[in-house]
1. For the stretch 46-61, give me each residue that is surrounded by fewer than 20 Cβ atoms within 10 Å (Cβ to Cβ) and closer than 14 Å to residue 9 by Cβ.
2. Sort through 255, 242 and tell me the only one that's surrounded by fewer than 16 Cβ atoms within 10 Å (Cβ to Cβ), over 22 Å from the mean Cα position of the chain (by Cα), within 19 Å of residue 160 (Cα to Cα) and in the same structural domain as residue 152 (by TED's automatic domain parsing).
3. Being more than 15 Å from residue 114 (Cβ to Cβ), surrounded by 23 or more Cβ atoms within 10 Å (Cβ to Cβ) and within 13 Å of the ligand (Cβ to nearest atom): is that true of residue 11 here?
4. Hey, residue 302 hits all of (1) modelled with pLDDT of 95 or more; (2) touching a strand residue (DSSP E or B) at 6+ places or on another chain (Cβ under 6 Å); (3) in a helix (DSSP H, G or I) but one; which does it fall short on?
5. Is there a residue in the stretch 83-92 that is within 16 Å of the ligand (Cβ to nearest atom), out of contact with any strand residue (DSSP E or B) (no Cβ under 7 Å at 6 or more places or on another chain) and not assigned by TED's automatic domain parsing to the domain that holds residue 10?
6. Filter the stretch 22-45 down to residues that are more than 13 Å from the ligand (Cβ to nearest atom) and surrounded by fewer than 23 Cβ atoms within 10 Å (Cβ to Cβ) and give me whichever is farthest from residue 327 (Cα to Cα).
7. Could you check residue 95 against (1) touching a strand residue (DSSP E or B) at 6+ places or on another chain (Cβ under 6 Å); (2) over 23 Å from residue 296 (Cβ atoms); (3) within 16 Å of the ligand (Cβ to nearest atom) and say which number it fails?
8. When you go through 61, 70 one by one, which is the residue that is in the same structural domain as residue 329 (by TED's automatic domain parsing) and within 13 Å of the ligand (Cβ to nearest atom)?
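The values are calculated or read from the model by the stated rules, or taken from the named source; none is laboratory data. Keep in mind it's a predicted model, so treat the numbers as computed, not measured. When we count neighbours, we look across all protein chains shown, and the Cβ atoms used for this are built from the backbone with ideal geometry, even at glycine.
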Ligand SMILES: Nc1ncnc2c1ncn2[C@@H]1O[C@H](COP(=O)(O)OP(=O)(O)OP(=O)(O)O)[C@@H](O)[C@H]1O
């Protein structure tokens, strides 16, 4: 997919700006604090319902503004033009897709696919399980419509069981929600396992190119209970008295994780920061590739501060590879990275200056 228009108002230092991105490589340069990352943040907010820099109410909304407002227009590979608007006050949000109000932010997220690589992305590899669960579920939400339905069923049942646990609910009441949890939870796990199976070979091949010394050869799902020994229904029943004591559900796919297998190093603790970044980048790019194969079009790819995240050789490999796919790419930096200048004929360059956007070549 290709963004053709991006309007941002009330976001960080942007009062109101508009961008008409190019179809291939888009470079945003500017001084520190000019607002480059904020442009990617706006795209990410529409595509994920949240920022990669923390909660909306923690500073995303411009000081003195009531709300952040984003409008994006894009073209799908089929030629269909789509448009989405999002207004977020920090407490409440309103979304529109193709001219109609949406009931769930998830509808915007399902329509617009953006993959963002930013300075915090190494957390996918070295941080907690939540981001890894989100990543795999992101892939599934976009290609399996049923997944969202079953995921919502699970989330609702989990909430109900937790409420009953806290209230010291009766066994018959817990039985009802555990049945629902077990059924939807087994389905979620089945989908996650199948997805990892598709993702693994693409991830291994991307990692073999970007970080060959790591010898990445596995992606193993940890389902959130001892699935090789018992069903989720049995695991929930077995955990019931402990869960009643703590007031929360200790087993199930909401506790799942997945682990990367490295043949070249003892484990993720041995990764340098740069290697963790390359591993995260391999995950994101291979997932974008898998998405392109399953959904028939590449997501928009956004790199925040590419030049300080990757060495020159890796920058060139990644940019050249993406140009060959035809994906639309956004890159920010204080200066233009040589890897992008090598594709000058495809490059749309915008300068970000004190919260304003100025296409390169236009007078300020
Ligand atoms: N809520 C807010 N209201 C007004 N201005 C804000 C708010 N939050 C952040 N800013 C300002 O907006 C800018 C955010 O810049 P951003 O991080 O997008 O810049 P950048 O060009 O990517 O910078 P760098 O190169 O330093 O990473 C900063 O100047 C910051 O001080």
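1. 61
2. The conditions single out 242.
3. Working: more than 15 Å from residue 114 (Cβ to Cβ): yes; surrounded by 23 or more Cβ atoms within 10 Å (Cβ to Cβ): yes; within 13 Å of the ligand (Cβ to nearest atom): yes.
The answer is yes for residue 11.
4. Every listed condition holds for residue 302 apart from (3).
5. Scanning the stretch 83-92, I find no residue that is within 16 Å of the ligand (Cβ to nearest atom), out of contact with any strand residue (DSSP E or B) (no Cβ under 7 Å at 6 or more places or on another chain) and not assigned by TED's automatic domain parsing to the domain that holds residue 10, so the answer is no.
6. 22
7. With (1) touching a strand residue (DSSP E or B) at 6+ places or on another chain (Cβ under 6 Å); (2) over 23 Å from residue 296 (Cβ atoms); (3) within 16 Å of the ligand (Cβ to nearest atom) applied to residue 95, the lone miss is (3).
8. Selected residue: 61, the only one of 61, 70 that is in the same structural domain as residue 329 (by TED's automatic domain parsing) and within 13 Å of the ligand (Cβ to nearest atom).
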